[in-house]
1. Among the numbered criteria (1) more than 27 Å from Lys193 (Cα to Cα); (2) at pLDDT 95 or above, which one does Thr88 miss?
2. Which of the residues belonging to the stretch 213-237 are outside any loop (DSSP other than H, G, I, E, B), aliphatic (A, V, I, L, M) and either touching a Lys or Arg at 6+ places or on another chain (Cβ under 6 Å) or farther than 18 Å from Gly263 by Cβ (or both)?
3. Under 9 Å by Cβ, and 6 or more places apart or on different chains, what pairs join a residue from the stretch 83-98 that is at negative phi with one that is assigned to a strand (DSSP E or B) and surrounded by fewer than 19 Cβ atoms within 10 Å (Cβ to Cβ)?
4. Before we move on, is Ala130 of a type in the set (A, V, I, L, M, F, W, C) and either in contact with an Asp or Glu (Cβ under 7 Å, 6 or more places away or on another chain) or not assigned by TED's automatic domain parsing to the domain that holds Gln106 (or both)?
5. State all residues of the stretch 31-56 that are of a type in the set (D, E, K, R), in a loop (DSSP other than H, G, I, E, B) and out of contact with any helix residue (DSSP H, G or I) (no Cβ under 6 Å at 6 or more places or on another chain); if no residue qualifies, say none.
6. Are there any pairs with C-beta distances below 7 angstrom linking a residue in the stretch 232-252 that is within 18 Å of Asn186 (Cα to Cα) and at pLDDT below 95 to a residue that is of a type in the set (S, T, N, Q) and surrounded by 22 or more Cβ atoms within 10 Å (Cβ to Cβ), with the two at least 6 apart or on different chains, and if so which?
7. Report yes if some residue within the stretch 254-263 is assigned by TED's automatic domain parsing to the domain that holds Leu200, among the charged types (D, E, K, R) and within 23 Å of Lys178 (Cα to Cα); otherwise report no.
8. Just one of the numbered conditions (1) in contact (Cβ under 8 Å) with a residue 24 or more places away in the chain; (2) surrounded by fewer than 21 Cβ atoms within 10 Å (Cβ to Cβ); (3) not assigned by TED's automatic domain parsing to the domain that holds Ala233 is not true of Ile144; which one?
Amino acid sequence: MSGLKSSCRQIAVAIGALIMAAGAQSSAWGADRTGVTDDVIKIGIPGPFTGNASSYSKAEIGLHAYFKHINDAGGVHGRKIEGVEIDTACNEAKGITAIKNLIYDQKVFLINGISCSGVGLAVRPVVHEAKVPLIIAQAVNQDISNPVSPYIFHGVPTSYDASVSIVDFLKTNPAFKKIAIVSHSNEWGQGYKNPQLERLKTKYNEAPFLDLAMERGSTDATPQVLKIRQSGADVAILNLYEAETAIFLRDAHKYGLKITFMGGYGTDLENTLKRVGSLAPVQNYYVLHMFVGTLDSPAMNKWSAALITPPLLLSK
């Protein structure tokens with residue numbers, strides 16, 4: 001948990017350092033600086049506000065709340081943060097268009113967002129060429145910030161970190177001898193699966209008992225569920241986005257597949273329960289949690305207090 005706290009602190013420091021650097025400049029410098037005036041620091045907030053991954057936009061809504069919190073305290077050296085929200089729909093092509101809009105049309109000072117790894121990977125060269133800072137809000141594929149770019153800040157734990165943690169957590173239970181893996185074939189899914197395969201091989205001298213694909217947009221997990229049930233696997237890692245995870249868990253419950261399931265950062269229990277519609281399918285489902293506590297816990301009091309519904313400044 002200390003590593004996750006450190007990552008949260010790192011992204012806060014990165015955002016703060018860039019904003020303070022902008023806000024501390026003289027009025028003459030601020031008037032000429034892209035995205036910074038005497039009164040405003042303009043920050044782009046790209047996220048999946050539509051589509052079947054729109055629940056991930058909670059990260060971007062949280063950014064609005066944090067910036068509102070800064071503005072309510074007086075801003076940064078008298079400058080208020082103006083958040084410019086734009087939709088990526090968790091789609092690579094739309095993501096590139098959105099980032100170009102923020103850079104060349106909206107002329108933002110920096111970009112703070114991105115909640116889908118495919119979009120993050122697609123916009124990396126655009127950001128690097130434009131030399132505009134990008135601070136990742138939630139997308140976890142390690143290759144978004146690797147190789148190192150002076151303009152890209154990855155303050156959240158990556159899918160590599162998550163994958164290693166998932167495998168090591170499961171291997172603490174001696175009953176889990178036959179591990180099945182179900183993954184999307186996109187960059188996000190492979191960003192989880194490949195490190196899992198590496199960890200199983202190098203640390204435990206094992207291979208997955210079953211390695212299956214389930215594509216984004218799937219509406220039926222019957223083939224995967226039946227293969228796992230027939231194989232005798234005793235635990236399954238689900239490298240799936242939230243919509244497909246809910247479908248898989250519903251079908252697993254339907255066909256009586258009563259084993260343990262483990263997911264990464266692509267889901268959270270609250271949203272998954274809403275999508276599944278009942279508690280029974282998620283009773284044996286575990287997910288990683290990158291925060292110091294639940295929103296109503298003492299450790300999160302400061303942040304939950306700031307999460308008053310902020311104004312959504314949707315760019316058309």
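1. All conditions are met except number (1).
2. First, the residues of the stretch 213-237 that are outside any loop (DSSP other than H, G, I, E, B): 213, 222-231, 235-237.
Add one more test, that the residue is aliphatic (A, V, I, L, M), and what stays is 213, 225-226, 228, 235-237.
Within the stretch 213-237, just Leu226 meets the criteria.
3. Here the result reads Glu85/Leu314; Ile86/Leu314; Asp87/Leu314, each pair linking the stretch 83-98 to a residue that is assigned to a strand (DSSP E or B) and surrounded by fewer than 19 Cβ atoms within 10 Å (Cβ to Cβ).
4. On the way: of a type in the set (A, V, I, L, M, F, W, C): yes; either in contact with an Asp or Glu (Cβ under 7 Å, 6 or more places away or on another chain) or not assigned by TED's automatic domain parsing to the domain that holds Gln106 (or both): no.
Considered against the rule, which asks whether it is of a type in the set (A, V, I, L, M, F, W, C) and either in contact with an Asp or Glu (Cβ under 7 Å, 6 or more places away or on another chain) or not assigned by TED's automatic domain parsing to the domain that holds Gln106 (or both), Ala130 comes out as no.
5. Step one: list which residues in the stretch 31-56 are of a type in the set (D, E, K, R), which gives 32-33, 38-39, 42.
Going one step further and asking which of them are in a loop (DSSP other than H, G, I, E, B), we end up with 33, 38-39.
Within the stretch 31-56, Arg33, Asp39 qualify.
6. Between residues of the stretch 232-252 that are within 18 Å of Asn186 (Cα to Cα) and at pLDDT below 95 and residues that are of a type in the set (S, T, N, Q) and surrounded by 22 or more Cβ atoms within 10 Å (Cβ to Cβ), the close pairs are Glu242/Thr267.
7. Start the filter on the stretch 254-263 by keeping residues that are assigned by TED's automatic domain parsing to the domain that holds Leu200, which leaves 254-263.
Next cut, among the charged types (D, E, K, R) only: 254, 258.
So of that shortlist, the ones also within 23 Å of Lys178 (Cα to Cα) come out as 254, 258.
So far as the stretch 254-263 goes, yes, one or more of its residues are assigned by TED's automatic domain parsing to the domain that holds Leu200, among the charged types (D, E, K, R) and within 23 Å of Lys178 (Cα to Cα).
8. Looking at each condition in turn, Ile144 falls short on (2).
The values are calculated or read from the model by the stated rules, or taken from the named source; none is laboratory data. Just so it is clear, the model here is predicted, and its values are computed rather than measured. Positions of Cβ are generated from backbone atoms using ideal geometry, with glycine treated the same way; all protein chains shown enter the neighbour counts.
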